[in-house]
Amino acid sequence: MAQYFEVHPENPQQRLLKQAVTLLERGEIVAVPTDSSYALACHLDDKDAVDQLRRIRQVDDKHHLTLLCRDLSELANYARVDNKQYRLLKAATPGPYTFLLEATKEVPRRVSHPQRKTIGLRVPDHKVLLELLALHGTPLLATTLIPPGETEALNDAQTIRERFEKQIAAVIDAGACPSQPTTVVDLTPMGDGDDPVVVRQGRGALAVLGL
């Protein structure tokens, strides 16, 4: 049965988050709260964990996974960002946005898009998740927790535990999430002087990006 860490949404218990980090470092999958919905997260460099992440969601290697970063300086280690792209990122982070950017060599090829060599990156605005990322020390690879065959992301931690207890190691319960996916924006066209492309409009307002 998946472990269940019930934490305070504003002052999460470090002891519980450290237990979750230990699981992640072992290559386990953990359901984490975000500022959009719950997500499944794992260690970036663990191939087996990444494969399990895709199996749970039933998505192939063309489905963009997302790196959850603590801040923009960390994000820049994993994506090539020019000045125009950086200004947009700065305007929208932290927040419920996922940006598609060209991956750097710091990103294992198996987790970037096989043809485009892009990766989804975001800086979430969620106290518990940011604390978890700080304790982990490096970004986590994640995907929105949408069950296979469904279209809505899950936002109730107890439901997640009941439905996925044999597939994941733990659930971090920090209360219900907004249950609305992130706004996804492809910034790679900006490298050729074109406008960014809105891939999905979600919780993040486009006006913040001037779109």
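The values are calculated or read from the model by the stated rules, or taken from the named source; none is laboratory data. The structure presented is a predicted model; accordingly, all values stated were derived computationally and were not measured. Neighbour counts run over all protein chains shown; Cβ positions are idealised from the backbone, glycine included. Please note that ligands, DNA and RNA were not included when accessible areas were found on the heavy atoms of the full protein model with its side chains. Shrake-Rupley method; radii C 1.70, N 1.55, O 1.52, S 1.80 Å.
With the requirement that a residue be open to solvent by 10 Å² or more (accessible area, probe 1.4 Å) and under 18 Å from residue 190 (Cα atoms), what does region 101-112 give you?
Residues satisfying the conditions are 102, 103, 104.
Before we move on, is residue 45 outside any helix (DSSP H, G or I), open to solvent by 30 Å² or more (accessible area, probe 1.4 Å), at pLDDT below 95 and touching a helix residue (DSSP H, G or I) at 6+ places or on another chain (Cβ under 8 Å)?
no
Any residue that is in a strand (DSSP E or B) and more than 12 Å from the chain's Cα centre (by Cα) - is there at least one of those in region 113-123?
yes
Among the numbered criteria (1) touching a residue at least 12 places away in the same chain (Cβ under 8 Å); (2) assigned to a loop (DSSP other than H, G, I, E, B); (3) open to solvent by 10 Å² or more (accessible area, probe 1.4 Å), which single criterion is violated by residue 130?
For residue 130, the failing item is (2).
Looking at region 58-76, which of its residues are open to solvent by less than 20 Å² (accessible area, probe 1.4 Å) and assigned to a loop (DSSP other than H, G, I, E, B)?
65, 69
Test residue 8 against the criterion of being touching a residue at least 60 places away in the same chain (Cβ under 8 Å) and under 28 Å from residue 205 (Cα atoms), and give yes or no.
Answer is yes for this residue.
Looking at region 13-27, is at least one residue acidic (Asp, Glu), assigned to a helix (DSSP H, G or I) and touching a residue at least 40 places away in the same chain (Cβ under 8 Å)?
The answer is yes, given that some residue of region 13-27 is acidic (Asp, Glu), assigned to a helix (DSSP H, G or I) and touching a residue at least 40 places away in the same chain (Cβ under 8 Å).
For region 57-76, name all the residues that are of a type in the set (S, T, N, Q) and under 16 Å from the mean Cα position of the chain (by Cα).
The answer is 66, and nothing else.
If you go through region 76-110 one residue at a time, how many are of a type in the set (A, V, I, L, M) and either in contact with an Asp or Glu (Cβ under 8 Å, 6 or more places away or on another chain) or free of Cβ contacts under 8 Å to residues at least 12 places away in the same chain (or both)?
Summing the residues that are of a type in the set (A, V, I, L, M) and either in contact with an Asp or Glu (Cβ under 8 Å, 6 or more places away or on another chain) or free of Cβ contacts under 8 Å to residues at least 12 places away in the same chain (or both) in region 76-110 gives 3.
Filtering region 145-192 down to residues that are of a type in the set (Asp, Glu) and in contact with a Ser or Thr (Cβ under 9 Å, 6 or more places away or on another chain), which residue is surrounded by the fewest Cβ atoms within 10 Å (Cβ to Cβ)?
152
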